[in-house]
Amino acid sequence: MCLILFAHQAHPDFALVLAANRDEFFARPTTAADYWEDAPEVLGGRDLEKGGTWMGVTRDGRWSAVTNYRDGTRPEAGTRSRGQMVARFLTENADARSYAESIARSASAYHGFNLLAGDASDLYYVSHAEGKSRRVEPGVHGLSNDRLDTPWPKVERGRRRLQSMLSGDAEVTEEDLLAVLADRDLAQDHLLPQTGIPYDWEKRLSASFIVSPAYGTRASSVLLIGMNGEVRFRERSFDENGELLEDRMFRFTISA
């Protein structure tokens, strides 16, 4: 994931409202969201290169997602895949707090990352840049390729739109959340972050939805966890031209 917008314990009907875009090289082999054959309690996409995932949810309501931390450096030799952090949390019987603390202790084993791990009780955030885990307070948050709630243009635009959506009387729908993720507007030059990459890429990556021949937004995902235990997970997949390839919808009720 390269953009995650989420409301944690910030709506009377939902424990979680999340909308996220996965940006990745199109050459990287991937499977679309589904229940995993080797772990049927897990729902999410799968990275076929390393076996991890960028985002997923379990039948008991635990969920996790990861973004890379962009600082212009290349992954160090020997570091582990970031997606394996998410896969481990989803397949192991660990609570969010203890898992986040364990990842913080081993952060140097992974290239730059931001990890979110949530369960029925709480939500925790870990970044290699901080070297520690911390509890995420209830509210509307945004995460891209810097620390949680860093005010990059697309993070701030997305947070404002999500906040507005939750503040109104209208029903919160997957379609409205997907519309937020579909924003292809580029940031103005003076608002661009400086992350050590060339200007043309900094500009291109400033959009919420990225269109590029080799690298761009491959999936837009929405996860809604209701106070009543209902889970709704929807994912749209896209090609190199930003055209829709597939639209998948899943529903289940959290098991005890």
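With a 1.4 Å probe and all protein chains left in place, how much of the accessible area of the range 116-256 comes from carbon and sulfur atoms, in whole percent?
Answer for the range 116-256 is 47 percent, counting heavy atoms of protein chains only.
Just to verify a number: what accessible area does E175 come out at with the full protein assembly present, 1.4 Å probe, Å² rounded to tens?
Only protein atoms counted, so the area is about 90 Å².
Mind checking the dipole of the chain: about its Cα centre, +1 per Lys or Arg Cβ, -1 per Asp or Glu Cβ, Debye to the nearest 20?
Working: 31 positive and 39 negative charges, 128 e Å.
Using only the charged Cβ atoms, the result is roughly 620 debye.
Counting only protein chains, not ligands or nucleic acids, how are M227, M249, M1 ordered by accessible area (probe 1.4 Å), most first?
Largest accessible area first, the list is M227, M249, M1.
Accessible area of F233, 1.4 Å probe, to the nearest 10 Å²?
0
For the range 10-151, just say rounded, prolate or oblate: build the C-alpha gyration tensor, square-root its eigenvalues into a ≥ b ≥ c, call rounded for a/c under 1.5, and beyond that prolate if a/b exceeds b/c, oblate if not.
rounded
Please say if the range 73-196 is rounded, prolate or oblate, where rounded means a/c under 1.5 for a ≥ b ≥ c the square roots of the C-alpha gyration tensor eigenvalues, and otherwise the choice is prolate for a/b larger than b/c and oblate otherwise?
Since a/c reaches 1.5 but b/c is at least a/b, the shape of the range 73-196 is classed as oblate.
How would you classify the chain from its alpha-carbon gyration tensor, with a ≥ b ≥ c the square roots of the eigenvalues: rounded for a/c under 1.5, else prolate if a/b is greater than b/c, otherwise oblate?
Rounded, since a/c falls under 1.5.
At a 1.4 Å probe radius, which order do S208, S108, S102 fall into by accessible area, largest first?
S108, S102, S208
How large is the helix-only mean residue ellipticity at 222 nm for the chain, computed as the sum of -39500 (n - 2.57) over DSSP H runs with n ≥ 4, divided by its residue count, in deg cm²/dmol to the nearest 500?
Counting only the DSSP helices, I get -5500 deg cm²/dmol.
The values are calculated or read from the model by the stated rules, or taken from the named source; none is laboratory data. If you're wondering where the values come from, they're calculated on a predicted model, not measured in any experiment. For neighbour counting, all protein chains shown are included, and Cβ atoms are generated from backbone atoms with ideal geometry for every residue, glycine included. Note: areas computed on protein heavy atoms with side chains; ligands, DNA, RNA excluded. Shrake-Rupley method; radii C 1.70, N 1.55, O 1.52, S 1.80 Å.
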